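Here's the structure, in structure tokens; my notes come after.
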Amino acid sequence: MAVHAEESWEQRLEHLRELAKTVPPITRNPERMSGAPVMSESGFKLSADFFHTLWSRLEEERAKRDPSPRLFGRHSSRYSLPYPLDTLPSLDHLVSLVNTVFWASLKREEGRHLSFSVGYEKASSSSSQTFAFTPEGFTSEKLAKMAPAIGSPQSSALVTPDDNGNLVIWGLSRFWGTPFSIKVLDPGQLIVSFGMKNVAAISGSKAVVPIRYGSISSSIWSPFERHNEEDHSAWSDLLFNQVLEVVRAVRRLGHGGALIIVPDGEGWRELVDKPIPYQPSGRYSPVKETLTALQELTKDDSPRSDDRSYYWRMLDEAITSIAQLTAVDGAVVITPDLDVLGFGVKLKAVVEPPECTEIVCIDPLDQTDSLTPVRLGEEFRGTRHQSAARFVFCHKQAVAIVVSQDRNVTAFVWERNERFPKGRLVAHRRLELTLF
């Protein structure tokens, strides 16, 4: 049973529940360990091949060196060696973790959908970032009961094996920081991650490992030419990640919205209706001062925890305030530095050039590597998506990120590279599975 993007949460959840009634238990085949991409056509029929391949990919990530700084509490040290062996669950525990989290994601608490993460980590005492308690059994029922206290995929329930080898829940973490985690985005929609990288996705009717990333990070960032260093990585750029945090916040709000990122200059104004209903009288930079302070703290070998926590809270509030602007009908226009240029912006209904009627869609759940163009009007029927795509076609240095009401995320970019030497309008779909 396929689950379509146009379905509401209620329809999607009902389809998943109906499908669950027909699913046999998972069978294991320990003889096969494949390094090739594996897809299961149903999140409820995860094969032994899927889990063996997933564990193998997770082990590859674990064995890599981790150069990224840990900014939170017990993760503040800088790793120069591979993660320890005990940061990755065993194959049996991996199966249990994925299945338990999946079934918990389908439950509701007091009528609410659940959004949370589960992290795998040895038990320790309570700290400023961790609330430890007497361990209890790791079941989908207990996890669903606890999920409202977790609140979001950025916080997590902490799980570890007990002395008998059984998984137990022993604590809650304020910040996502365990090397291995499983994030629940929506009912039946999970992301398995290790070391800050999404490794596998389970989304309703499909389970995929590895996730197909395409070139989305470079596609979003390269038009602005912010960094000239050859070894610079967008993933380690604090500002780039705050742009993604805005998108995450829009998604959490649940009303949908469009975020248009434009380079400095006035060219974009020719492509929107005038007057712009809400635009600042000066330069409005809600995150600049806080972000600068955080960047200075990360240069310190032993930054003060209280200062970090204060500035992260301030940054979170600023990010939320930008995301909240998308609640007004129209787009929010920002710069790569997160300066807000206006909101409630109506994108002009430009004449559609013939080249704009075709668009290449890249989906992380599509393992075929097909880059066949499709018609814009047939692939995206909503006004918000179509106007964002046409805006980027006319302003090729811009990036448009659209969050639909069902919380799917799509980025429209103009790509000119070895794949598209003449340039092509590209839609990167389901970014919630790759960037979050």
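Quick notes on this one:
- Under 16 Å from the residue 313 label point (7 Å along Cα→beta-carbon), backbone N, segment 169-208: 174-175
- Inter-label distance, nm, simple model (7 Å from Cα along the C-beta direction), residue 324/residue 289: 1.8
- With each label modelled as a point 7 angstrom along the Cα→C-beta vector, the residue 397-residue 346 pair spans 2.7 nm.
- Sorted largest first, the principal axis extents computed over the alpha-carbon atoms of segment 86-183 equal 36, 31, 22 Å.
- Packing, taken as the mean count of other beta carbons within 10 Å per residue, orders the peptides 372-379, 102-109, 312-319 from highest to lowest as 102-109, 312-319, 372-379.
- Options 168, 135, 150, ranked by Cα towards positive dipole end of segment 91-168, top entry (Cβ charges): 150
- Extension reserve of the residue 134-residue 270 stretch, reckoned as 0.36 nm per residue once the Cα distance is removed: 42.9 nm
- Shown is the FRET efficiency for residue 108 and residue 422, computed with R0 = 41 Å from the Cβ-Cβ distance and rounded to the nearest 0.05: 0.25.
- Residues of segment 237-271 falling in the label zone of residue 64, defined by backbone nitrogen less than 16 Å from a point 7 Å along Cα to beta-carbon, are 237.
- Placing +1 on the Cβ of every Lys and Arg and -1 on the Cβ of every Asp and Glu, with nothing else charged, gives segment 84-168 a dipole about its Cα centre of roughly 340 debye.
- In this rough spin-label picture, where each label sits 7 Å from Cα along the Cβ direction, the residue 125-residue 239 distance is 4.2 nm.
- Report note on the peptides 267-278, 247-258, 140-151, 385-396: ranked by the mean count of other C-beta atoms within 10 Å, highest first, their order is 385-396, 247-258, 140-151, 267-278.
A short reminder: the numbers here are calculations on the coordinates, not readings from a lab. Remember, it's a predicted structure, so these values are computed and weren't measured experimentally. Cβ atoms come from the backbone with ideal geometry, glycine included; neighbour counts cover every protein chain shown.
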